[in-house]
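Here the structure is laid out as structure tokens; the discussion comes afterwards.
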Amino acid sequence: MTERVVLAYSGGLDTSVAIPYIAEETGAEVIAVAVDLGQGGEDLEVIRKRALACGAAEAVVTDAKEEFAADFCFPALKANALYMDRYPLVSALSRPLIVKHLAAAAGEYGGTAVAHGCTGKGNDQVRFEAGLAVLNPDLKVIAPARDFAWTRDKAIAFAEEKGLPIDVSSKSPYSIDQNIWGRAVETGFLEDIWNAPIEDLYDYTADPAQPREADEVVITFSAGVPTALDGRALSPYEIIAELNQRAGAQGVGRLDMVEDRLVGIKSREVYEAPAAIALIAAHQELENVTVERDLARFKRGVDQRWSELAYDGLWFSPLMDSLNAFIAEAQKHVSGDIRLTLHGGRAVVTGRRSAASLYDYDLATYDTGDVFDQSLAKGFVELWSLPSKIAAKRDRQVG
Ligand code: ARG
């Protein structure tokens, strides 16, 4: 029986060329799988037909928009996930979900191998293959761009030779990856890290410097996840989509950074993630109101570790599972409303209210009605500073 290879298909030049190339090199049939993560752009039915026109034996499109929002973006939100304190893990979150669907398609269509279009220099190859190693270690991996040293010119020449129905002229000079959680742009003139980004790079966000009216939104959370905007109950995907529009229109969520890739390279990345940045700002503030101090302090370390695991391709790992269990417990009381002003490229919290609030007006107030017993503070401060005081005395004596 002819072997079958399941290919992670985007519709772009590289994965389109991969279809006849893999078929030729391995003699296998190619099953192209495109996953809808809310990336927008081309119609997925057009992409599916292109896969068939390039010679795929089967082409499937999977709508994973709600699954991605609820099971990948929202866990990241609960972890306030920002790699290197900035990057909301846009691509990193999508790979484990794509892997899940590739492994499922391999089962369904009798695939014995999985193929992806990643190069050998990036994080995405790691995320694909580390995920597969957990979900189905029997599947072989084919990575033409990496293992057969494909270049853009080679891909174009091959596409022309085979007469593939791809418009090679329209390929942008950038490597772009996008989904509902945000958009990543790299390569081209950005590889000179002194070059400033140009307005042309952006698609999810308007220029934050343009004058416009501010927008205000109230986000309702329940146990750490958003459930409504301005009092309207919405699905996870709908919430992210609406906030991308509204925060994006105010230029919120642009990032330009040099980041540490897992393979050891530092790379320059431009991101835009309006909903992610607005939601994380809101979620962090609701945690400030509802999470007890020591739990909150400890969770910051957990959040950082969570982000690194997700970035490093260890979505499916024992530590990730355990951190998720901790985070779920820590989110029990993270319910309530946050009011945000979206304006001038920033999402600023201007109000919070929660039935699970730990903010106690009577303790906090400097007005009459104060119930905080200030006389207790005197002894507390003395004992608190005692160890350092004794050590300093010793240092003065011993030198
Ligand atoms: N540097 C980011 C990450 O590793 C984005 C990668 C985007 N991928 C791409 N093919 N442009 O998560």
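Out of segment 70-94, which residues are of a type in the set (K, R) and either more than 18 Å from A278 (Cβ to Cβ) or in a helix (DSSP H, G or I) (or both)?
Initially, segment 70-94 is screened for residues of a type in the set (K, R), giving 78, 86.
Scanning segment 70-94 gives a single hit, K78.
Just name the residue that is nearest to the ligand (Cβ to nearest atom) out of those in segment 243-266 that are surrounded by fewer than 16 Cβ atoms within 10 Å (Cβ to Cβ) and part of a loop (DSSP other than H, G, I, E, B).
R261
Of everything in segment 103-136 that's closer than 27 Å to T187 by Cβ and more than 16 Å from the ligand (Cβ to nearest atom), which residue is farthest from the chain's Cα centre (by Cα)? Before you say what the answer is, go through the steps one by one.
Just the residues of segment 103-136 that are closer than 27 Å to T187 by Cβ, to begin with: 114-132.
From what is left, the residues that are more than 16 Å from the ligand (Cβ to nearest atom) are 114, 132.
Numbers: V114: 23, L132: 19 Å.
Step by step, filter segment 103-136, then rank; the result is V114.
Please determine whether any residue of segment 134-157 is of a type in the set (A, V, I, L, M), under 20 Å from F68 (Cα atoms) and either at pLDDT 90 or above or in a strand (DSSP E or B) (or both).
Yes: segment 134-157 contains one or more residues that are of a type in the set (A, V, I, L, M), under 20 Å from F68 (Cα atoms) and either at pLDDT 90 or above or in a strand (DSSP E or B) (or both).
Scan (1) without any contact (Cβ under 8 Å) to a residue 12 or more places away in the chain; (2) buried (at least 17 other Cβ atoms within 10 Å of the Cβ) for the single condition I198 breaks and write down its number.
(2)
Looking at segment 158-179 only, could you name the residues that are within 21 Å of G120 (Cα to Cα) and either surrounded by 13 or more Cβ atoms within 10 Å (Cβ to Cβ) or touching a Cys at 6+ places or on another chain (Cβ under 7 Å) (or both)?
Narrowing segment 158-179 to residues within 21 Å of G120 (Cα to Cα): 158, 171-178.
Of everything in segment 158-179, those that are within 21 Å of G120 (Cα to Cα) and either surrounded by 13 or more Cβ atoms within 10 Å (Cβ to Cβ) or touching a Cys at 6+ places or on another chain (Cβ under 7 Å) (or both) turn out to be F158, K171, Y174, S175, I176, D177, Q178.
Is there any pair linking a residue in segment 128-156 that is of a type in the set (S, T, N, Q) to one that is buried (at least 17 other Cβ atoms within 10 Å of the Cβ), with Cβ under 6 Å and at least six apart or on different chains, and which?
N136/A103
Quick one: which of P197, P173 is within 16 Å of the ligand (Cβ to nearest atom), modelled with pLDDT of 95 or more and assigned to a loop (DSSP other than H, G, I, E, B)?
Values: P173 fails: modelled with pLDDT of 95 or more.
Just one listed residue meets the conditions, P197.
Consider V270 carefully, then state whether it is surrounded by fewer than 16 Cβ atoms within 10 Å (Cβ to Cβ), of a type in the set (A, V, I, L, M, F, W, C) and in a strand (DSSP E or B).
Values: surrounded by fewer than 16 Cβ atoms within 10 Å (Cβ to Cβ): no; of a type in the set (A, V, I, L, M, F, W, C): yes; in a strand (DSSP E or B): yes.
Answer is no for this residue.
Keeping to segment 105-124, report how many residues are out of contact with any strand residue (DSSP E or B) (no Cβ under 8 Å at 6 or more places or on another chain), under 9 Å from R146 (Cα atoms) and either surrounded by 15 or more Cβ atoms within 10 Å (Cβ to Cβ) or not basic (K, R) (or both).
3
Could you check how many residues of segment 57-99 are surrounded by fewer than 21 Cβ atoms within 10 Å (Cβ to Cβ) and under 16 Å from F316 (Cβ atoms)?
2
Do we find that L363 is of a type in the set (A, V, I, L, M, F, W, C) and in a strand (DSSP E or B) in this structure? Spell out how you get there, then give the answer.
Numbers: of a type in the set (A, V, I, L, M, F, W, C): yes; in a strand (DSSP E or B): no.
It is false that L363 is of a type in the set (A, V, I, L, M, F, W, C) and in a strand (DSSP E or B).
Which one is farthest from D230 (Cα to Cα), of the residues in segment 267-301 that are in contact with a Ser or Thr (Cβ under 9 Å, 6 or more places away or on another chain), away from the ligand (no atom under 16 Å from the Cβ) and of a type outside the set (A, V, I, L, M, F, W, C)?
Looking at residues that are in contact with a Ser or Thr (Cβ under 9 Å, 6 or more places away or on another chain), away from the ligand (no atom under 16 Å from the Cβ) and of a type outside the set (A, V, I, L, M, F, W, C), I get T290.
When the residues of segment 177-187 are narrowed to those that are modelled with pLDDT of 95 or more and β-branched (V, I, T), which ends up nearest to the ligand (Cβ to nearest atom)?
Checking each candidate, the answer is V185.
Against the definition (more than 16 Å from the ligand (Cβ to nearest atom), within 16 Å of the chain's Cα centre (by Cα) and on the phi < 0 side of the Ramachandran plot), how does K100 come out, yes or no? Before you say what the answer is, go through the steps one by one.
Details: more than 16 Å from the ligand (Cβ to nearest atom): yes; within 16 Å of the chain's Cα centre (by Cα): no; on the phi < 0 side of the Ramachandran plot: yes.
No, not satisfied.
The values are calculated or read from the model by the stated rules, or taken from the named source; none is laboratory data. On a predicted model such as this, the values are computed, not experimentally measured, just so you know. Note that each Cβ is placed from the backbone with ideal geometry, even for glycine, and that neighbours are counted across all protein chains shown.
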